[in-house]
Amino acid sequence: IMELDHLKKMWSNENVAETPEISTEKQKEIHLPLERIRKNMRTEFYWTAVLFVLIILFFAVVDMHFFKFKVYIITLVVTMMLITSFYFFKFFQLYKNISAINLNTWDALKDLKYQFKLNEQYYLAFYIAFAPFVVCEMLLVFDYTPPLKEITGLRFILTFLATCIGTLGALYFFGKFWFQRYYGKYFNQIYKIIDELK
């Protein structure tokens, strides 16, 4: 019986050591960047919703001369909306978790760090998913814009490739800038606090 009591005591001591409590001061330090992240998530969601509404209104109002072109563009935009909806579903899960997280244990902070890393990967995947759409849109622009339609041969290949690479490069750098400005710097602040607590 004494040995059993000794084992129970050791077990409870190990559990305490594994999940130490985080001081109120450190919790406040983490809370500030967390609030900034939540605010930026809300802002991004609303702006994306407004952007898609404007795009839909644009296609509803503008009369395009080429019926097929309109069908192709609308199909691409609807597909992009579906991908964006999936991303925002994941985004909303992180938003909910940030709201509900308990910052007073080490395990909760490790879980938060893991969720941030996961969301960073989703963000990267979101921008990569747009690469095929950019190429398709470039094909349509080159095929349905009269001055570009006249370009043929090697000149067409070079112009098309340069346009695609330039647009994809701009999308990549914009995505990195956007993520770093609105999320990355706050993630890094929280990572730094978590690392200090190790």
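The values are calculated or read from the model by the stated rules, or taken from the named source; none is laboratory data. These numbers were taken from a predicted model, which means no experiment stands behind them. Neighbour counts run over all protein chains shown; Cβ positions are idealised from the backbone, glycine included. What goes into the accessible areas is simple: the full protein's heavy atoms, side chains included, and nothing from ligands, DNA or RNA. Shrake-Rupley method; radii C 1.70, N 1.55, O 1.52, S 1.80 Å.
Structure notes:
- Calculated FRET efficiency for the pair Gln180/Leu148, C-beta based, R₀ 45 Å, to 0.05: 0.85
- Count Lys and Arg as plus one, Asp and Glu as minus one, and take only other residues whose Cβ is under 15 Å from that of Lys68; the net charge is then -1.
- Screening the chain for whole DSSP H helices of 15 Å or more along their axis (Cα) with average Kyte-Doolittle hydropathy at least 1.0 returns 67-100, 131-144, 153-179.
- Over the chain: helical MRE at 222 nm, DSSP H runs n ≥ 4 each giving -39500 (n - 2.57), nearest 500: -30000 deg cm²/dmol
- Solvent-accessible area assigned to carbon and sulfur over the chain amounts to 68 percent, based on a 1.4 Å probe.
- Placing +1 on each Lys and Arg Cβ and -1 on each Asp and Glu Cβ, with no other charges, gives the chain a dipole about its Cα centre of roughly 480 debye.
- The base-10 log of I(q)/I(0) for segment 15-158, evaluated at q = 0.10, 0.21 Å⁻¹, reads -0.55, -1.29 [Debye formula, identical scatterers on Cα atoms, solvent excluded].
- Å² of accessible area per residue within the chain, as computed with a 1.4 Å probe and no ligands counted: 68
- When the chain is described by a simple charge dipole with +1 on each Lys and Arg Cβ and -1 on each Asp and Glu Cβ, the residue from Leu32, Leu148, Met81 located farthest towards its positive end is Leu148.
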